[in-house]
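Please read the structure below before turning to the comments.
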Amino acid sequence: MAFLAEAPLNITSAISQLNKLPLRLESSIGTRSSHCRKLFVTMSGASVQSVALSHSAVSKNVGIPIMVNGCTGKMGRAVLEAAISAGLDPVPVALGGTDDAGKIVDACGKQIEVHGPTDREKIMASTFNDYPNLIVVDYTVPTAVNENAALYCKVGVPFVVGTTGGDRELLYKIVEDSKVYAVISPQMGKQVVAFLAAMEIMAEQFPGAFSGYKLEVMESHQASKLDISGTAKDVISCFQKLGVSYDLDQVMQIRDPKLQTEMVGVPEEHLSGHAFHMYHLSSADGTVSFEFQHNVCGRSIYAEGTVDAILFLAKKVKSNSDKRIFNMIDVLREGNMR
């Protein structure tokens, strides 16, 4: 993530160029592609997914068993990679959707059998019995969030959920009533969370500081993401508290791969998974401007944050903490991130 006085791409110019393709803009954003880590996934047979790690897993085992539900998805696989590298120990079973039932995920030599919805309560209970220090990680689908949380709470297993969507109010109520330990956060990228926290502090302490300024926002995500980024909404909310007048329908959403590569500077290998955000503020007379930018290639930032959340939650369970529901701000404040 970068905090820049000048962004490589000027949003105002970009807006005027949208209908003038082909573009040949040179952007320093694209030069960062060599720093983006890769997760290689191959298929062996119809029901086996092989996860080959892009770097060596550490030999030290920290003794925390984890169940990664949704491990057949891109985010779930990224979490497996980061977890194994950190010395966490994936258990040999996981939960998934109906289409995932019977699949075997090979994660660095660890065979994980994926079970569908029909026997999920039995699998969850027996696994927790076999691994009493188990932490569950949920990266499934939005429609399953509440049902999955209810299952974890019924069994009594601590969990980390990074899945977005669902009824969030109900989610918190289910967890609160059950007294189960949980980290709940739709944004697991710890550096992005820290940036958001800083923005919120600025908005609270200096309300109206940007009154009269004009805000322009551009955000680029993979084509499968149809809605406005939740992170962008949070940042915009902070700018509104700082005195900027802005409506969400003004957000410039880039979902076209051609625009993403030629205008925004997204590396082609990350078109299927990226988050590029740019915020431009200018004074009424045009003599002062500020630009904020944070670009994410791939999913490793979210996977690494998830591992920190697992380690954090395991400590809270072990210490029998009075507080039981946490978010990524709590993880950041603990100050023990890797």
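The values are calculated or read from the model by the stated rules, or taken from the named source; none is laboratory data. Just so it is clear, the structure is predicted and the values come from calculations on it, not from any experiment. As a convention, Cβ positions derive from the backbone with ideal geometry for all residues, glycine included, and neighbour counts pool all protein chains shown. Remember, those area values only see protein heavy atoms, side chains included, never the ligands or the DNA or RNA. Shrake-Rupley method; radii C 1.70, N 1.55, O 1.52, S 1.80 Å.
Against the conditions (1) under 17 Å from Phe292 (Cα atoms); (2) aliphatic (A, V, I, L, M); (3) open to solvent by 10 Å² or more (accessible area, probe 1.4 Å); (4) in a helix (DSSP H, G or I), Ala209 satisfies every one except (4). If you scan the stretch 95-153, which residues turn out to be basic (Lys, Arg) and either part of a helix (DSSP H, G or I) or open to solvent by less than 40 Å² (accessible area, probe 1.4 Å) (or both)? Arg120, Lys122, listed by residue number.
Can you confirm whether Val217 is touching a residue at least 12 places away in the same chain (Cβ under 8 Å), in contact with a strand residue (DSSP E or B) (Cβ under 9 Å, 6 or more places away or on another chain), surrounded by 15 or more Cβ atoms within 10 Å (Cβ to Cβ) and over 25 Å from Val307 (Cα atoms)? Steps first, please.
Values: touching a residue at least 12 places away in the same chain (Cβ under 8 Å): yes; in contact with a strand residue (DSSP E or B) (Cβ under 9 Å, 6 or more places away or on another chain): yes; surrounded by 15 or more Cβ atoms within 10 Å (Cβ to Cβ): yes; over 25 Å from Val307 (Cα atoms): yes.
Yes, satisfied.
Whenever a residue of the stretch 165-182 is within 19 Å of Thr140 (Cα to Cα), it has no partner that is open to solvent by 40 Å² or more (accessible area, probe 1.4 Å) and among the polar types (S, T, N, Q) lying with C-beta atoms less than 6 angstrom away and at least six residues away or across chains. Kindly indicate the residue of the stretch 292-309 that is of a type in the set (D, E, K, R) and open to solvent by 10 Å² or more (accessible area, probe 1.4 Å) and also farthest from the chain's Cα centre (by Cα) among those meeting that condition. Here the residue is Glu304.
Filtered by the rule that a residue be buried (at least 24 other Cβ atoms within 10 Å of the Cβ) and either without any contact (Cβ under 8 Å) to a residue 24 or more places away in the chain or assigned to a helix (DSSP H, G or I) (or both), the stretch 79-94 gives Val79, Leu80, Glu81, Ala82, Ala83. Scanning the stretch 252-272 for residues that are crowded, with 21+ Cβ neighbours inside 10 Å, assigned to a loop (DSSP other than H, G, I, E, B) and not β-branched (Val, Ile, Thr) gives a single hit, Gly265.
Looking across the stretch 276-291, the residues that are in contact with a His (Cβ under 8 Å, 6 or more places away or on another chain) and either open to solvent by 10 Å² or more (accessible area, probe 1.4 Å) or farther than 30 Å from Ala209 by Cβ (or both) come down to Ser289, Phe290, Glu291. Restricting to the stretch 215-236, count the residues that are touching a helix residue (DSSP H, G or I) at 6+ places or on another chain (Cβ under 8 Å) and either small (Gly, Ala, Ser) or part of a loop (DSSP other than H, G, I, E, B) (or both). So the count comes out to 3. Residue-level check: of (1) open to solvent by 70 Å² or more (accessible area, probe 1.4 Å); (2) touching a helix residue (DSSP H, G or I) at 6+ places or on another chain (Cβ under 7 Å); (3) within 23 Å of Ile301 (Cβ to Cβ); (4) of a type in the set (D, E, K, R), Lys241 misses just (3).
Gln187 meets the conditions (1) open to solvent by 20 Å² or more (accessible area, probe 1.4 Å); (2) over 30 Å from Ala314 (Cα atoms) in every case but one. The failed one is (2).
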